[in-house]
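Written out below as structure tokens is the structure these notes cover.
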Number of protein chains: 2
Amino acid sequence: MVLAMNNKILLSHGSGGRLSHQLIEEVLIPAFSNPILNKLDDSAIFDFSGHLAFTTDSYVVSPVFFPGGDIGKLAVCGTVNDLAMSGAIPLYLSTSFVIEEGLLMSDLKKIVASIQKAAEEAGVLVITGDVKVVNRGGADKIFINTAGVGRIAAPVNISSSNAKPGDKVILSGTLGDHGMAVMTQREGLSLSSSLKSDCAPLNQLVAEMLAASTNIHCLRDPTRGGLATTLNELAQKSKVSIRIEEDRIPIGNEVRAACELLGFDPLYVANEGKLVAIVPPEDADSILAKMQQNRYGANAAIIGEVQKEHPGRVVLKTSLGASRIVDMPLGELLPRIC
Amino acid sequence: MVLAMNNKILLSHGSGGRLSHQLIEEVLIPAFSNPILNKLDDSAIFDFSGHLAFTTDSYVVSPVFFPGGDIGKLAVCGTVNDLAMSGAIPLYLSTSFVIEEGLLMSDLKKIVASIQKAAEEAGVLVITGDVKVVNRGGADKIFINTAGVGRIAAPVNISSSNAKPGDKVILSGTLGDHGMAVMTQREGLSLSSSLKSDCAPLNQLVAEMLAASTNIHCLRDPTRGGLATTLNELAQKSKVSIRIEEDRIPIGNEVRAACELLGFDPLYVANEGKLVAIVPPEDADSILAKMQQNRYGANAAIIGEVQKEHPGRVVLKTSLGASRIVDMPLGELLPRIC
């Protein structure tokens, strides 16, 4: 029996029966096709030897489509970046969909195409997955979980607890692009036509940084909670303080304007294509120079340094020369930003 | 600053800020604590060498608590079983939560405790994870994704496409327990106090089966869509037919009664602690004997065999001696059963 493809996702697409198989065979396999995935057994199997990095994130961003990306691109880049931040070369992803009954099949296909495009750019394969469908109102359109595995090839020792006094803090580019793009899209604001998510896979950038020096102490992508949260985590785990200078932090004009208008501090706004590196001072310039040659590091800058006093504290030296403590946020600034 | 623990999940618990950290440090880490997880870096890192199995599933079962288990136990057993069905020894899991704002903290703690208990029984560690919180109405209480990795140690060649004519079909125990337990709980029926999900980790059972013979052709857990769907998949992928005998299929009395009352066919009802093995006839008895010694295989039985004619077809010989084709289900029988 041949079934016509429905134009909306039905509960039966998650049943494990015929419509599930049709969805897998007509939408997912053609997009992701590779020899490991195509076996469609309960697990994907591959050979591996060495240090393996393993990570996962669920993505619940709203709206699903936003300037500069969508939930599919985000689900690949977020997990690829988590692997890259451990110094790993991302290899394989799983994708698991929780879909609300009624999602347009055309929207699912766009998201799946976007996953595949981002996976190709990052050089990873989707090798296993799952689809669940919940009743209308049981979820909001679509949630995607990706888990990822990667190989730590270089002899690195990258960890949030490795920042040392004297180290330099490098930021790979402008702050706040993802958060403000999603926020203005969600609210139906068109503050600026050029506000666009920075959502991008950073694994190639990290590979080039490690080619310049394997002596990188910390690597983190400042996603939820923004740069402020990430630096607070690094300061706490490394038992150091971090001092950054407002004038050195790259922020786009549109993001700055949107933040001022809506009352957000760009230090706390989510990024999806940026990283913070904490590196020994003697390696900072060579790493920075390498970063600036990569499209995702073109605006990289040294924004501050690690100090010994007041462990756990992050301090901002403002443009006016004052110093203020940058706290970890207590509440939720931008729910469902990733 | 010390924050009191809220008695409900708030959006801020998913913000990446202070409440997120508190949730991770006070609820998740104490439950799952192990040296790999406790580093809390963007990826978990471990050494591995050999054939690696990788799988994922998202769990959306409703209700979250049901007789014999809850979504946490299910999320561990389901993924452990997917690894085991590839002949892998499960090693590590990731857990990723999508939580609806307002979930009781006490319910989350029960689920987390249940995850840890099931992980201990299965001998796996939770080494990485994620928490997202969505606004009230954006999801239904809690969804959990687990991804898992395992090691294929024995020289096995287990695949859905490996069934050969003449092979025996072994079922590890009674059918339909999970589906009917969740179904009756959901509908508020109390048909029988002894209807209980069979949700269980099957990796030890599989290890014992492989100790009896590594020559197992197919292994599958008949979850969504039940035994009928699993056998149809095996018949299609192996290009064989499968003939099973109704009289040999173990079904509990309560499940049989509930199915008759509610109009379900137990062949299509979900199981979460059962497996189907397709094995060469000469190994069937020794594998079966080994299975019957394990608590999760006590009711194991040979229920049929693989044939050459009519590839892709599954046929049931009924108690009355008639034969009927067992199709893959078209629609959704029991939404959100796992």
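The values are calculated or read from the model by the stated rules, or taken from the named source; none is laboratory data. Note that the structure is predicted; figures quoted are calculated from it, not measured. Positions of Cβ are backbone-derived with ideal geometry, glycine not excepted, and every protein chain shown enters the neighbour counts. Areas reflect the complete protein model, heavy atoms only, side chains present, ligands, DNA and RNA absent. Shrake-Rupley method; radii C 1.70, N 1.55, O 1.52, S 1.80 Å.
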- request: Restrict the search to the range A:234-273; then list the trypsin sites (Lys or Arg not before Pro) that DSSP places in a loop and that have at most 14 other Cβ atoms within 10 Å of their Cβ.
  value: A:239
- request: For chain A, report the accessible area per residue in Å² (1.4 Å probe, heavy atoms, rounded to an integer).
  value: 36 Å²
message: Probe radius 1.4 Å, ligands and nucleic acids left out: which of A:178, B:310, B:217, B:51 has the largest accessible area, and how do the rest follow?
response: B:310, B:51, B:217, A:178
- line: D (µm²/s, integer) via Stokes-Einstein for the protein assembly as shown, Kirkwood Rh across alpha-carbon pairs, 37 °C, 0.692 mPa s: value 128 µm²/s
message: A 28 angstrom limit on the alpha carbon distance is what I want to check against. Which of A:73/A:308; A:110/B:117; A:237/B:132; A:141/B:274; A:8/A:73 exceed it?
response: A:73/A:308; A:110/B:117; A:141/B:274
- request: With unit charges on the beta carbon (Lys/Arg positive, Asp/Glu negative), name the residue among B:264, B:300, B:206 whose Cα is farthest towards the positive pole of the charge dipole of chain B.
  value: B:264
- prompt: Using r as the Cβ-Cβ distance of residue A:153 and residue A:120, and R0 as 30 Å, what FRET efficiency do you calculate, to the nearest 0.05?
  reply: 0.90
- prompt: How far apart, in nm, are the 7 Å Cα→Cβ label points at residue A:248 and residue B:239?
  reply: 6.5 nm
- request: Place +1 on the Cβ of every Lys and Arg and -1 on the Cβ of every Asp and Glu in the range B:11-152, take the dipole about the Cα centre, and give the residue among B:24, B:50, B:40 whose Cα lies farthest towards its positive end.
  value: B:24
field: Ascending list, in nanometres, of distances separating the residue B:325 label from those of the other copies (7 Å, Cα toward Cβ)
entry: 7.4
query: According to a simple spin-label model (label point 7 Å from Cα along Cα-to-Cβ), what is the distance in nm between residue A:299 and residue A:106?
result: 3.4 nm
Backbone HN-Hα couplings from phi across the range B:146-162 [Karplus 6.51/-1.76/1.60, Hz, Gly and Pro as x]: 10, 10, x, 10, x, 10, 8, 8, 6, x, 9, 9, 9, 7, 4, 9, 9
- prompt: Nearest-5 percent of antiparallel DSSP beta bridges in the range A:11-152?
  reply: 70 percent
field: Estimated D of the range A:168-325 in µm² per second, where Rh is the Kirkwood radius over Cα pairs and Stokes-Einstein applies at 37 °C, 0.692 mPa s
entry: 208 µm²/s
message: Summing both sides, how much accessible area is buried between B and A? Use a 1.4 Å probe and give Å² to the nearest 100.
response: 6000 Å²
query: Could you give me the ³J(HN,Hα) list for the range A:245-250, computed from phi with Karplus coefficients 6.51, -1.76, 1.60 and θ = phi - 60°, whole Hz, x at Gly and Pro?
result: 10, 3, 5, 8, 7, x
Of the GluC sites (Glu not before Pro) in the range A:236-338, those whose Cβ has at most 11 other Cβ within 10 Å and which sit in DSSP loop: A:309
task: Quote the relative contact order of chain B in percent (integer), defining contacts as alpha-carbon pairs under 8 Å separated by 6+ residues.
output: 22 percent
- prompt: For the range A:284-338, what number results from the quotient of the Cα radius of gyration and 2.2 N^0.38 Å?
  reply: 1.55
task: Report, for residue B:26, each distance to the same residue's label point in the other copies, shortest first and in nm; define the point 7 Å along Cα→Cβ.
output: 5.0
query: To the nearest 10 Å², what's residue B:140's accessible area with a 1.4 Å probe?
result: 40 Å²
- prompt: Which angle between 0 and 90 degrees, to the nearest 10, do you get for helix B:253-262 versus the longest principal axis of chain B when only C-alpha atoms count?
  reply: 80 degrees
- prompt: Can you work out the FRET efficiency for the pair residue B:7 and residue A:317, with r the C-beta to C-beta distance and R0 = 41 Å, to the nearest 0.05?
  reply: 0.50
field: Under 5 Å, built H, 5+ apart or other chain: amide partners of residue A:326
entry: A:314, A:315, A:316
task: Take the solvent-accessible surface of the protein heavy atoms, probe 1.4 Å, and return the percent of it on the range B:3-53 that carbon and sulfur atoms account for.
output: 55 percent
message: Tell me the angle of helix A:71-84 to the major Cα principal axis of chain A, expressed in degrees between 0 and 90 and rounded to the nearest ten.
response: 50 degrees
query: Roughly how big is chain A's charge dipole about its Cα centre, with Cβ charges of +1 (Lys, Arg) and -1 (Asp, Glu), in debye to the nearest 20?
result: 140 debye
query: What are the principal axis extents of the Cα atoms in chain A, in Å, biggest first?
result: 72, 49, 32
